[in-house]
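So the structure is just underneath, and the comments pick up after that.
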Amino acid sequence: MSININEMIKERLEKADDKNPIKISYENKFRYYNDFLEMLDTLYKSLDYDEMKDLLDNKIRLASKYNEAQYLQNVSEINVLYYILRKYNNRFVYEPKYNGNKNPECCFEHNGKIINIEVKCPDLTKRIESERHNTLKICMPERIPEYKTIVNEVKEILKPNICNNYIDVEEQSRLDNKLKDYVTGASDKFPISDDTNFNILAVSLDAVSDLDEWYSYIFGNEGVFTNNSFVPAERYKNLDAILLTTSMCGHKRYSKFTENVWLLEETINLLFLDPKKQKTETGKFYFDDVITLFGDLTVSFLEFQLDLDKKSQSDWEKVKNNPDLQQAKWNEQKLISVMMISEFLNKLKEEN
């Protein structure tokens, strides 16, 4: 069946929820709407009528009550689809069926392997609500022993010093259990990770601080991809890499952006291999063929990490006989580790 995309959109816009960003952008002539049309022009060449209808009605929510969290999840998926269709459209399949009809967002062939991608976008509604509280926020993204005791001690230390700026000290809950759900759920959807498949979980986030936080969930103490992971490796055995991206950001602030926020390459994208697979055929494929799949930033980040490691070894050599300086150096490195991506991006800004 041929698709008249303009008619499909027009008849839906009239009935769409007034809070829907597409309808708002159409009525206010925001760039977001024109870029949306351009994106659809690419997608409809690869999707059939029923898939396009579902995308408009349920993913873009033109025929559904607007829900921001669901909308952000769906447009994050679309950002990835749009990128792949423009950059790597070789044997592309939309929502391929694996493992009892469980389906990731898409798959495509790249340099001899099938790459499968699942996309997740955390619901930050509670976080956003907490930001409206006039409280000093503290967040410890890493899993540490006696976590609650330490948080309570920190809160008691801070309370006498908050002056009149805040009414209290508030703990922001970690979201690492969301990542646990994402990696295990994605692994269940993916085909077996082997010489024919490479499987990626993309996590769509908002701000650079979110990237720091989720990086800690992956590589911090008991992080998902560490040897003492709080998630058993067997539970995510089919997952090869995690992409952290800020694609959520533009869709939350669509009326203020002058860039095309439907373009994934306009966001920050960092693709991390499960280190346990570095010395396997999967690891070789990552470094040879996948590391730049979403741009060159991952290569720069890994080079930044190598430089940090070299500097760290040199610094520890200088303080090896001074316990006080060792503690100060440990504190400094711990601070960098929980703000690793921020430190990296700041260094890039300084260089440019």
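The values are calculated or read from the model by the stated rules, or taken from the named source; none is laboratory data. For clarity, every value in this text was computed on a predicted model and none was experimentally measured. Glycine also receives a Cβ, built like all others from the backbone with ideal geometry; neighbour counts cover every protein chain displayed.
Conditions tested, residue by residue: (1) of a type outside the set (S, T, N, Q); (2) loosely packed, with under 14 Cβ neighbours inside 10 Å.
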| position | (1), (2) |
| --- | --- |
| 48 | yes, yes |
| 74 | no, no |
| 95 | yes, no |
| 107 | yes, no |
At pLDDT 95 or above, surrounded by fewer than 17 Cβ atoms within 10 Å (Cβ to Cβ) and within 30 Å of residue 196 (Cβ to Cβ): does that describe residue 288? yes
Starting from the range 233-252, take each residue that is free of Cβ contacts under 8 Å to residues at least 60 places away in the same chain and list its partners that are crowded, with 23+ Cβ neighbours inside 10 Å and of a type in the set (D, E, K, R), counting only C-beta distances under 7 angstrom and pairs at least six apart or across chains. 239/274; 240/274; 241/274
Do the conditions hold for residue 309, that is, is it over 18 Å from the mean Cα position of the chain (by Cα), at pLDDT 95 or above and not β-branched (Val, Ile, Thr)? no
Kindly establish whether residue 63 is in contact (Cβ under 8 Å) with a residue 24 or more places away in the chain, within 28 Å of residue 117 (Cα to Cα) and touching a Pro at 6+ places or on another chain (Cβ under 9 Å). no
If I filter the range 20-31 for residues that are under 30 Å from residue 292 (Cα atoms) and either in contact with a Cys (Cβ under 8 Å, 6 or more places away or on another chain) or crowded, with 19+ Cβ neighbours inside 10 Å (or both), do I get at least one hit? no
Boolean, residue 276 is assigned by TED's automatic domain parsing to the domain that holds residue 117, surrounded by fewer than 22 Cβ atoms within 10 Å (Cβ to Cβ), under 16 Å from residue 194 (Cα atoms) and of a type in the set (Lys, Arg): yes
Quick check on my filter: what residues within the range 7-22 are more than 26 Å from the chain's Cα centre (by Cα), modelled with pLDDT of 95 or more and either farther than 15 Å from residue 55 by Cα or β-branched (Val, Ile, Thr) (or both)? 17, 18
Which numbered condition in (1) in the same structural domain as residue 12 (by TED's automatic domain parsing); (2) more than 18 Å from residue 261 (Cβ to Cβ) is the only one that residue 24 fails? (2)
Anything in the range 158-192 that is modelled with pLDDT under 95, out of contact with any Phe, Trp or Tyr (no Cβ under 8 Å at 6 or more places or on another chain) and buried (at least 18 other Cβ atoms within 10 Å of the Cβ)? List them, or say none. 169
Since residue 304 meets every condition but one in (1) surrounded by 18 or more Cβ atoms within 10 Å (Cβ to Cβ); (2) among the aromatic types (Phe, Trp, Tyr); (3) under 25 Å from residue 339 (Cβ atoms), which condition does it not meet? (1)
Inter-residue pairs, beta-carbon under 7 Å, first among the acidic types (Asp, Glu) and in the range 178-201, second not in a strand (DSSP E or B), 6+ apart: 188/99; 195/281
Unique residue being in contact with a Cys (Cβ under 8 Å, 6 or more places away or on another chain) and at pLDDT 95 or above when the list is 82, 94: 94
